[in-house]
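Reviewing the structure listed below.
Read the figures in this text as sums done on the coordinates, not as results from a lab. What you see is a predicted model; the values in this text were computed from it and never measured. Virtual Cβ from ideal backbone geometry, glycine too; neighbours counted across all protein chains shown.
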Amino acid sequence: MSFLDIRGLSVRLKKGPALLRRVSLQVQAAEVRGLVGESGAGKSMIGKAVLGILPPSVEVSEGEIFLDGVDLLRMAPSERRRKIGAVAALIPQDPLTALNPSHRIGPQITDRLVDILGWTRARAEARALELLAEVQIPDPARVMRSYPHELSGGMRQRILIASAFAAEPKLIVADEPTTALDVTVQKQILRLIAGMQARHGTALLFVTHDLGVVSKVCQKLSVLYSGLVVEDTSVAEFFTAPRHPYSAALLAATPKYTDPLAGLNPVPDAVIDAVRAEVAAFDRMRHG
Amino acid sequence: MADIYTIENLRLSLANMTERRFFGATPQLEILKGLDFSIPRGAVVGIVGGSGSGKSTLGRALVRLLEPSGGAIRFDGVDITHLSEAELRPLRRRFQMIFQDPMSSLNPRHRVGTIIAEPLRLHGFDAIPARVARALDNVGLPQAFASRYPHELSGGQRQRVGIARAIALEPDFILADEIVSGLDVSSQAQVLNLLERLVADLGLTLAFISHDLSVIRRLCSRVIVLHHGRIVENRETGALFAAPEAAYTRELLDAIPLPDPAQAWA
Amino acid sequence: MVDGRSLTRRRAGARLWLSLTWLGLLCLAALFAPWVAPKDPLAQDLFLGRLPPFWVTGAEPGYYLGTDSLGRDVLSRIIHGGRVALMVALIAGVATCLLGATLGLLAGFLRGWVDMLVSRFIDIWMAFPPVLFSILLIAVMGPGLWSIILAIVVIDWTRFARVIRAEAMAQGAMDYVASARVAGRGRLGTMVREILPNVLPTVVVLLTLEMGIAVIVEAILSFVNLSISTDDPTWGGMIAEGRTSIHQAWWVLVFPLITLFLTVLAFSQLGEGLKDRFDPVLR
């Protein structure tokens, strides 16, 4: 059984249009699945639904989210929070706003372990130090006492990674974790995430718009358009022989510095029309 | 004059806001540490570097949104380094800028038509409605967009408005500051292809600031690599990508994740 | 994208129309007070003192909201009191807004020495306790309508100046201001064409809030007898008089109080409603 199993998940604005259209996907233990698509395709929404942090204007209209064998959507809210807190974690997009500027780093990592998982403070601190060392932060003890503004963006993202892995979660949702970073820092961070994930055997749901990043960290891939999964495939297959025309068009739009003539072809109107028609057909089927 | 811009020993310092003192003046932080280069007329020059490299500061100095603290910027033979705002005004038509964030660079309370027409009016152009129509046409936007507000457009469309505003003035030089970094790949491709066509059609000189070497490779004839406020490499694009000389350029290239699982990326 | 916008817009509509209706009725009544008011607001008739409102037994026809201890018609006095209240709201509100917003805009956009000057001035100004300050001012100038208006302007301009300064600074950092410079626009032109339309929604909200505040300040000053001559009816004055006979004639206190409350509420809701309705961005 997959560690995360989403079945026919539909999410929509309250009394509004659909944001996710019967999304199904699985993430096995120790596997990385990428979620790609253009902005507004709903890729972040899936991660938010799994972690139970959907914005209040949005509701789940149908479907099941099995996390570690239990259906999150059938649990009482408090119970669900506990379950998610115990087995899942988030690596957020923006390292500059994800840390509270008025608290030191140490408590921001350990508080969750102490308050939610009931660890002793000493054990939590030992764990935090261990993880900060694992994400290659020099002098972890000093960093624990620092405030976020004293650290660089890359450093803060490392801290957020350490924090995500702290409670040994079985699933991590990474929401565009390197978009705000320089390309050289991005490389370090991606390798760090991939290494940590492999070592800890964590399942990883990796939201990104960058196909280059996908090819480096993911094994499986879901391509979204307008909340519809248009392709669910392995990374190897996607980059050699994408099945859906929209996937192929996305790939053709991505520039490559090794080949100045490849890439930068806008998604053709015909492809857009076809995939829109697919969405429309889906909606018609749903509503009679 | 073959070069439209000649830059000599350009230095620029800004107040270091992270180290504001309780008493006394804010310490200055040198962002640009003596740059020398020139931009030939008709060239498409890429300016690349990481955050903190000074690439955006350099861009804003070129169009004199910032005043250098040392050195010289000559635009078409005229020293514009320390010209006052009033002295710059007649020149401003000739060097234009397209901004990174089209949402914040288009006044949310003006319609697209006004946004494009306003600079034309300031510089005393005639036949303004026809020029606005032509600019919209040039960037591939329907005429009806003239009466829309920026927030009613998509990111790619907004960026086209930014381009239309710049080209309507028939400038000699355009600075494009990270203009595709906020766009989806498909809109990015559209905007870059548009820019490529406009440069050819209108005979523009373009400086293209980006952190993305893949985009630069496609668009630019020359590349300037900035690192910590210094130029580490300034070469013809093909040569630079074939055999990068500076260690930093190599590091940048190696860090780019190609959309190709076969790429070794260690 | 469809989101919650249509919903907020509908609610904004309701609050806008309700507040506009109330203020419109009030304005009309105040403007045509001599014709609208059923009685002479100053006419005393001790035989008709403390008549209850029309639905209570013992009411006298024609005196809809009853009479006070001197037999003056409460409704007519409220209507006439509205003239003072609205005049103060309008003149003091607009004057405060013009002075404060202009200084704030100049300071926030031009920065430099202008900002230094205005900001220091605001700091010093705000160190004075406002109520004492206004009472002092009226003591020097003598009570009267213009003293009240001046007191409000002098005290409250800093509210506009501070908020608009911050807003102008935030807008000034946006790239559309840089792009106006690239286009060759001068400083003053940029301020008027680019910054002003973007701070206007805030100005409007502050203005309507200020009008509400002006109504309250006028009522307070009337309450402590520092307003216009005691003969003319004012809401504050009525509340002060009604307080003494609250157990015998609650209506003398309650009706002007309700009017005051509704008016201040309407002003603040008008501002919010206008902002939601006419802001093309709807942040």
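Computed values, structure above
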{"read-out": "Mean shadow area of segment B:179-266, taken as a quarter of the surface of its Cα convex hull (nm²)", "value": "6.8"}
{"read-out": "Most mobile listed residue (C:PRO38, C:PRO143, C:PRO129) in chain C, GNM with C-alpha springs under 10 Å", "value": "C:PRO129"}
{"read-out": "B:GLU152 paired with B:ARG250, simple spin-label distance in nm, labels 7 Å along Cα-to-beta-carbon", "value": "5.5"}
{"read-out": "Pairwise FRET efficiency - C:ILE124 versus B:ARG94, Cβ, R0 = 41 Å, nearest 0.05", "value": "0.30"}
{"read-out": "Segment B:209-266-segment A:38-70 distance, computed between alpha-carbon centres (Å)", "value": "38"}
{"read-out": "Charge sum, other residues only, whose C-beta stays under 10 Å from B:PHE95's C-beta, Lys/Arg counted +1 and Asp/Glu -1", "value": "+2"}
{"read-out": "Under Karplus coefficients 6.51, -1.76 and 1.60, residue-wise ³J(HN,Hα) of segment C:31-48 in Hz, glycine/proline x", "value": "5, 9, 3, x, 8, 7, 4, x, 10, 6, x, 9, 5, 9, 8, 5, 6, 10"}
{"read-out": "Among C:ALA37, C:ALA151, C:ALA180: highest mean-square fluctuation, GNM of chain C, C-alpha pairs under 10 Å", "value": "C:ALA180"}
{"read-out": "Within a Gaussian network of chain C (alpha carbon springs, distance under 10 Å), most fluctuating of C:VAL118, C:VAL88, C:VAL203", "value": "C:VAL118"}
{"read-out": "C-alpha long axis of helix A:121-134 to longest principal axis of chain A, angle in °", "value": "60"}
{"read-out": "Sequence of C:PHE223, B:PHE95 once ranked by neighbouring C-beta atoms within 10 Å, starting from the fewest", "value": "C:PHE223, B:PHE95"}
{"read-out": "Using alpha-carbon coordinates, inclination of helix A:105-115 to the longest axis of chain A, degrees", "value": "80"}
{"read-out": "Rounded to whole Hz, the Karplus (6.51, -1.76, 1.60) HN-Hα couplings of segment A:237-246, x for glycine and proline", "value": "5, 4, 7, 9, 9, x, 7, 8, x, 5"}
{"read-out": "Coordinate range along principal axes, alpha carbons of chain A, Å, largest first", "value": "59, 51, 34"}
{"read-out": "Among the listed pairs A:LYS83/A:LYS220; A:LYS187/A:LYS256; A:LYS170/A:LYS220; A:LYS48/A:LYS220, those beyond 22 Å (Cα-Cα)", "value": "A:LYS83/A:LYS220"}
{"read-out": "Dimensionless Rg/Rh of chain B - Kirkwood Rh, Rg from C-alpha atoms", "value": "0.98"}
{"read-out": "Extension reserve of the B:ARG121-B:VAL78 stretch, reckoned as 0.36 nm per residue once the Cα distance is removed", "value": "13.0 nm"}
{"read-out": "Using a Förster distance of 22 Å, the FRET efficiency for B:THR114-B:SER181 (Cβ separation, nearest 0.05)", "value": "0.25"}
{"read-out": "Table column - 3J(HN,Hα) (Hz), segment B:29-39, Karplus curve with 6.51, -1.76, 1.60, x for Gly and Pro", "value": "10, 7, 8, 10, 10, x, 9, 10, 6, 9, 10"}
{"read-out": "Restricting segment A:122-210 to trypsin sites (Lys or Arg not before Pro) in coil, as DSSP defines it, with at most 15 other Cβ within 10 Å", "value": "A:ARG145"}
{"read-out": "Taking N as its residue count, the alpha carbon Rg of the protein assembly as shown over 2.2 N^0.38 Å", "value": "1.16"}
{"read-out": "Segment A:ARG243-A:LEU261, length gained on full extension (0.36 nm per residue, minus Cα span)", "value": "4.2 nm"}
{"read-out": "Estimated D of chain C in µm² per second, where Rh is the Kirkwood radius over Cα pairs and Stokes-Einstein applies at 10 °C, 1.306 mPa s", "value": "76"}
{"read-out": "Of C:LEU51, A:TYR225, A:VAL11, farthest towards positive along the dipole that unit charges on Lys, Arg, Asp, Glu beta carbons give the protein assembly as shown", "value": "C:LEU51"}
{"read-out": "Cα centroid of segment B:44-95 to Cα centroid of segment C:257-276, whole Å", "value": "50"}
{"read-out": "Interchain or long-range residues, amide H under 5 Å from A:LEU19's placed H", "value": "A:VAL11, A:ARG12, A:LEU13"}
{"read-out": "Whole-angstrom gap from segment B:126-146 to segment A:72-146, using each part's C-alpha centre", "value": "54"}
{"read-out": "Nearest 10 degrees, 0 to 90: helix A:77-87 Cα axis against chain A principal axis", "value": "80"}
